[in-house]
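Colleague: Sharing a structure, written as structure tokens. Questions coming.
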Amino acid sequence: MFLGGQILFHLKPHKIHRRNTLEQCAVVGPDSLLISLVTASFVGMVFTIQVAREFINFGAGNAVGGVLAIALTRELAPVLTAVVIAGRVGSAFAAEIGTMQVTEQIDALYVLKTDPIEFLVIPRMLACCAMLPILTILSLITGMAGGLLIATTVYDLSDTVFLNSAQNFLGLWDLVSALIKAVVFGALIAIIGCNWGLTTTGGAKGVGQSTTTAVVTALLAIFISNFLLSWIMFRGAGTAFQGF
């Protein structure tokens with residue numbers, strides 16, 4: 001919370017290090033794209049296998065696409081993408097900044113009159129907040145494609161019925177909620193990873209401990225914040241299944 005307050009205090013457009021931000025965007029976005037898409041595709045296929053079988057037995061095969069779309073959009077795509085980024089990028093943030101801390105490179109920045117919050121933390125947070133929504137949308141599309149593949153090849157469901165069901169079940173708010181979650185998760189991953197890096201002590205052993213703790217803390221923060229956001233956005237009786 002303290003580091004988050006510092007970020008808000010230092011976050012000024014004219015003080016943003018654009019080159020650092022673009023470099024971190026490349027690390028968070030393109031470099032993490034493949035693993036995010038592979039994860040989303042297999043999650044979409046597994047979810048379709050589990051859902052389609054039961055729905056067909058109950059005579060509701062035409063709702064498989066809609067259920068998959070809602071599950072991916074509201075929960076699976078943003079959460080699983082954030083988990084992948086926390087494991088890959090959050091740990092890298094903690095290890096990189098932690099190494100700088102124990103080798104006194106952070107102190108060198110102060111000597112050069114460079115604020116490490118502006119130079120190291122803000123570019124990483126902006127990169128995560130910008131790239132995670134994009135990765136979430138791409139993961140959603142890939143997960144739907146994986147689900148469509150299984151539905152049409154294994155369960156002989158019509159691709160038109162599958163896609164129409166997804167279109168009928170999904171609303172604009174579902175997509176907006178996924179983007180909101182992605183931004184929040186991105187901020188949490190960056191802040192937690194950078195915080196554990198900046199507070200690293202004890203040499204190489206401390207770097208390892210900070211990296212591990214950063215990932216675990218980020219995962220807990222993602223799951224807890226996901227519950228709170230879902231409670232705020234979707235509590236109460238929904239209307240998604242009224243058409244069905």
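The values are calculated or read from the model by the stated rules, or taken from the named source; none is laboratory data. Note that the structure is predicted; figures quoted are calculated from it, not measured. We place every Cβ from the backbone using ideal geometry, glycine too, and count neighbours over all the protein chains shown. These accessible areas exclude ligands, DNA and RNA; they are computed on the full protein's heavy atoms, side chains included. Shrake-Rupley method; radii C 1.70, N 1.55, O 1.52, S 1.80 Å.
Colleague: Using a Förster distance of 30 Å, how high is the FRET efficiency between Thr103 and Leu34, based on the Cβ-Cβ distance and rounded to 0.05?
Modeller: On the way: r = 31 Å, r/R0 = 1.05.
Computed FRET efficiency for Thr103 and Leu34: 0.45.
Colleague: Projected area of the chain, taken from the Cα convex hull and averaged over every viewing direction, in nm²?
Modeller: The number I arrive at for the chain is 14.5 nm².
Colleague: I'd like to check one number: the per residue accessible area of the chain, probe 1.4 Å, reported in Å² as a whole number.
Modeller: Numbers: 12350 Å² over 244 residues.
For the chain, the solvent-accessible area averages 51 Å² per residue.
Colleague: Still on this structure, I have one more. Quick one: length gained pulling Lys12 to Thr199 fully straight, 0.36 nm per residue minus the C-alpha distance? Could you put the intermediate results ahead of the total?
Modeller: Working: separation 187, 0.36 × 187 = 67.32 nm, distance 2.41 nm.
Working it through step by step, the gained length comes to 64.9 nm.
Colleague: Explain nothing, just the number: relative contact order of segment 68-178, from Cα pairs under 8 Å at least 6 residues apart, as a whole percent.
Modeller: 53 percent
Colleague: To the nearest 10 degrees, how steep is helix 18-28 against the longest Cα principal axis of the chain, on a 0 to 90 scale?
Modeller: Once rounded, the angle reads 50 degrees.
Colleague: While we're here: What is the calculated FRET efficiency for Leu112 to Glu23, with r their C-beta to C-beta distance and R₀ = 22 Å, to the nearest 0.05?
Modeller: Efficiency for this residue pair is about 0.70.
Colleague: If you fit an axis through the alpha-carbon atoms of helix 203-234 and take the longest principal axis of the Cα set of the chain, what angle between them do you get, 0 to 90°, nearest 10?
Modeller: Taking the Cα atoms of the chain, the angle to 203-234 is about 40 degrees.
Colleague: Within the chain, what whole-number % of the accessible surface is contributed by carbon and sulfur, with the 1.4 Å probe and all protein chains included in the calculation?
Modeller: Carbon and sulfur: 68 percent of the exposed surface of the chain.
Colleague: So if R0 is 25 Å, what FRET efficiency would Phe223 and Ile180 give, r being the distance between their Cβ atoms, rounded to the nearest 0.05?
Modeller: Values: r = 16 Å, r/R0 = 0.65.
That pair, Phe223 with Ile180, gives E of 0.95.
Colleague: If you average the sequence gap of Cα pairs under 8 Å that are 6 or more apart and divide by the length of segment 1-120, what percent do you get for the contact order? Don't jump to the answer; show the numbers that get you there.
Modeller: Numbers: 44 pairs, mean separation 49.8, N = 120.
Averaging sequence separation for qualifying contacts and normalising by length gives 41 percent for segment 1-120.
Colleague: In segment 22-94, which chymotrypsin sites (Phe, Trp or Tyr not before Pro) fall in coil by DSSP and have 10 or fewer other Cβ atoms within 10 Å?
Modeller: Those that pass, being in a loop and sparsely packed, are Phe58.
Colleague: With axes computed from alpha carbons, what is the tilt in degrees of helix 159-169 against the longest principal axis of the chain, rounded to the nearest 10 within 0 to 90?
Modeller: Between helix and principal axis, roughly 60 degrees.
Colleague: Expressed as a rounded percentage, what relative contact order does the chain have, with Cα pairs under 8 Å and six or more residues apart? Don't skip to the answer; put the middle values down first.
Modeller: Values: 343 pairs, mean separation 82.5, N = 244.
Dividing the mean separation by the residue count of the chain yields 34 percent.
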